[in-house]
1. Can you pull out the residues in the range 95-117 that are open to solvent by 30 Å² or more (accessible area, probe 1.4 Å), part of a loop (DSSP other than H, G, I, E, B) and not assigned by TED's automatic domain parsing to the domain that holds Gln271?
2. Any residue in the range 581-593 that's under 14 Å from Lys619 (Cβ atoms): show its pairings with residues that are charged (D, E, K, R) and surrounded by 10 or more Cβ atoms within 10 Å (Cβ to Cβ) at Cβ separation under 6 Å, as long as the two are six or more apart or on different chains.
3. Taking the range 136-145, which residues are in contact (Cβ under 8 Å) with a residue 60 or more places away in the chain and crowded, with 24+ Cβ neighbours inside 10 Å?
4. Every residue in the range 234-260 that is assigned to a strand (DSSP E or B), among the β-branched types (Val, Ile, Thr) and open to solvent by 20 Å² or more (accessible area, probe 1.4 Å), please.
5. Mind checking which residues of the range 579-608 are assigned to a helix (DSSP H, G or I) and among the charged types (D, E, K, R)?
6. Does the range 376-397 include one or more residues that are of a type in the set (Ser, Thr, Tyr), closer than 30 Å to Asn97 by Cβ and either surrounded by 17 or more Cβ atoms within 10 Å (Cβ to Cβ) or within 23 Å of the chain's Cα centre (by Cα) (or both)?
7. Residues that are away from the ligand (no atom under 13 Å from the Cβ) and either assigned by TED's automatic domain parsing to the domain that holds Gly153 or surrounded by fewer than 22 Cβ atoms within 10 Å (Cβ to Cβ) (or both): find the strands (runs of 3 or more DSSP E) completely inside the range 442-542 holding 3 or more of those.
8. Name the pairs: first residue in the range 420-433 and more than 16 Å from the ligand (Cβ to nearest atom), second residue open to solvent by 10 Å² or more (accessible area, probe 1.4 Å) and of a type outside the set (Val, Ile, Thr), Cβ to Cβ under 6 Å, at least 6 apart or on different chains?
Amino acid sequence: MRYAFHVMRYAIKFMPKKQTRELTDVLTTSARIYQPSKEVLDRATVKDVEKVRKAAEKDPLKFWEEAANDLSWFTKWKKVFGGRKPFYQWFIGAKTNLAYNALDRHAEGENRDKTAIISEDETGRTRRYTYFELYKEVNKLVNALKAAKVKKGDRVAIYMPNIPEIAMAMLACAKIGAMHSVVYAGYSAAALADRINDAKAKVLFTADGSWRRGKAVDLKTIADEALKLTKTVKKVIVTKNNNQNVSLTAGRDVWFHDFIKGQSEKAKCAQMDAEDPAFVLYTSGTTSKPKGVIHVHGGYQVGVLRTIKWVFDLKGDEIFWCTADPGWITGHSYIIYGPLLAGITTLQYEGVPDMPEPDRIWQIVEKYNVNVLYTAPTLIRAMAKYGDEWPDKHAMPSLRLLGSVGEPINPEAWLWYHKHIGKGRLPIMDTWWQTETGMHMITPLPATPLKPGSATKPFPGIIADVVDKNGKRVPTGKGGFLVIRNQWPSMIRTIFNNPDRYVKTYWKEIKGVYFTGDVAFKDKDGYFWIQGRTDDVLKIAGHRIGTAEVESGFVAHKAVAECGVIGVPDPVKGEVIKAFVILKQGFEGSDVLKQELVACVRKSIGPVAVIKDVAFTDKLPKTRSGKIMRRVLKAQELGLDVGDTSALVS
Ligand code: WTA
């Protein structure tokens with residue numbers, strides 16, 4: 001518990017002065033409340049948020065049953081909710097398919113000729129697919145995968161850039177009932193191999209490469225290296241994306257376009273049980289082994305559709321742009337499945353936000369008349385650093401709502417986003433959620449009065465609380481563990497092949513509630529203020545990485561005896577990595593060795609792990625059982641009170 005307070009104190013201590021003042025102002029007086037404009041209120045689907053929240057709290061099953069009626073079901077459920085704690089089940093007895101709802105029903109209905117996906121890459125190449133065109137491509141892929149003997153329950157790994165083919169691969173898997181396992185393309189060969197091996201994936205989708213800051217990233221080469229460390233993959237399907245020279249292994253590798261050539265444009269959709277797994281998505285936890293989070297066909301689509309429609313108030317022909325990557329849950333739920341379930345247009349941008357110039361994002365918003373922009377605090381802070389003139393050149397009249405996700409948004413970044421992108425007019429939906437929750441959990445709706453830096457209140461149907469380690473609610477304004485008291489349809493069902501870890505991680509830490517791993521406090525108006533993680537999970541530029549994974553990357557180097565890794569505050573990335581390394585006898589610390597170690601971690605995890613500093617030391621703070629006390633390292637590093645050190649061996 002004490003740790004929670006420390007985290008909060010660090011957060012405030014390391015903010016720039018101006019920001020601290022704003023935060024204090026917001027916290028103490030709640031002076032800055034942004035009321036929704038008449039324009040926002042008039043169009044809002046949910047006008048009286050409190051009333052809807054109260055009704056949903058009283059009867060959450062009725063609320064979710066109503067939400068489920070926005071989707072198509074081959075067979076209706078016998079029971080909305082049940083299962084054996086904590087292996088909960090939703091829409092029991094129902095038959096459905098996530099891809100049917102995201103694609104088939106639109107392609108076969110009135111959205112047939114509406115644009116489903118717009119894509120643009122860093123070089124400016126643009127593509128568009130209507131729902132019907134996407135449907136035909138997906139059907140060809142379904143037939144080709146079936147011919148390659150992919151069937152219900154099989155795992156298919158996907159290691160691709162943010163391009164339409166990744167959506168096709170995901171949808172084709174879902175349509176067959178095979179589980180996709182998307183691995184972020186910023187992960188290394190070793191990290192990809194780990195995930196392929198854990199899932200025992202049969203097929204791998206990848207691409208020749210991708211553009212990043214004008215340079216080609218050789219995805220196929222990385223995939224080939226990963227495949228040397230795996231045995232289960234029998235087929236590799238390669239999208240020709242940036243015309244790189246790659247070698248295809250005969251009998252195993254095939255170009256995407258050749259794979260689907262000659263296949264029928266019609267395909268049957270598998271009727272899946274609502275509780276059948278739709279996908280596995282690996283995420284970081286407290287050990288070096290990532291967790292394969294399982295989401296299912298039935299409940300996941302209900303949670304994602306209801307949140308995207310209500311939080312972003314999407315209607316008709318709108319264009320939605322989520323700047324995340326499909327390799328993370330944000331991309332699964334709000335680039336691919338959410339917008340398609342809602343039958344609107346989703347935008348995929350494959351590139352960095354400041355190429356060729358720092359207004360690329362705002363240019364894209366204007367070029368495609370984006371209506372809702374959903375991005376991360378790290379991107380907002382990076383863009384703010386370039387100066388106001390870049391967004392100020394762009395009027396962006398099509399925008400009507402903004403969103404934020406992935407890490408706490410500091411009030412200063414919130415205000416900049418509101419002023420320069422929202423032109424002082426647009427509300428910001430600061431959505432708190434996790435890979436495990438599948439959907440937004442604590443978030444405003446457009447009609448919610450906003451406080452910069454607060455994710456406001458739980459989504460209707462969700463009961464969140466801030467408690468101590470015994471599960472007792474802490475008083476208003478006091479920090480504690482963020483927990484969820486009830487269940488929701490898009491919740492994690494289990495960890496792939498590791499149900500015990502599922503029970504232990506989420507349901508045993510604090511009795512009777514879902515443990516989020518975050519610290520937060522509630523203010524006097526019941527608004528939640530999320531402060532960050534309590535566990536050993538880092539958020540580097542919004543990307544989730546485990547300290548233990550990074551440490552095992554260091555220890556893989558022959559010179560390293562032991563290593564402790566912490567996150568240190570960074571003004572743009574939120575957090576970056578600092579490592580404390582004990583060298584083996586016979587090795588000397590030097591700048592060259594530091595670089596080697598950084599390269600070694602890059603090899604084991606990928607460029608996603610940003611290391612700011614490596615310090616050589618001859619001692620690490622440890623418990624009696626030999627566990628490195630990262631919080632002591634962190635307190636020492638930041639010059640703060642170390643807190644309870646009774647477990648420390650001096
Ligand atoms: C953090 C990303 C504050 C939080 C969707 C959570 C946030 C972790 C917010 C999950 C937010 C996400 N405000 N913190 N709006 N959104 N987080 O699984 O620490 O990659 O536990 O899911 O991100 O990260 P994940």
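1. Selection gives nothing.
2. Partner pairs satisfying both residue conditions: Ile582/Glu562.
3. If the condition is that a residue be in contact (Cβ under 8 Å) with a residue 60 or more places away in the chain and crowded, with 24+ Cβ neighbours inside 10 Å, then Val138, Asn139, Leu141, Val142 are the ones that fit.
4. Across the range 234-260, the qualifying residue is only Val254.
5. Selection gives Asp591, Lys594, Glu596, Arg602, Lys603.
6. no
7. Details: elements: 464-467, 480-484, 514-522, 528-533, 537-540.
In the range 442-542, there are no strands (runs of 3 or more DSSP E) which contain 3 or more residues that are away from the ligand (no atom under 13 Å from the Cβ) and either assigned by TED's automatic domain parsing to the domain that holds Gly153 or surrounded by fewer than 22 Cβ atoms within 10 Å (Cβ to Cβ) (or both).
8. From residues that are more than 16 Å from the ligand (Cβ to nearest atom), the pairs are His420/Asp388.
The values are calculated or read from the model by the stated rules, or taken from the named source; none is laboratory data. Model, not experiment: these values are computed from the prediction. We place every Cβ from the backbone using ideal geometry, glycine too, and count neighbours over all the protein chains shown. Ligands, DNA and RNA are excluded from the accessible area calculation, which covers all protein heavy atoms including side chains. Shrake-Rupley method; radii C 1.70, N 1.55, O 1.52, S 1.80 Å.
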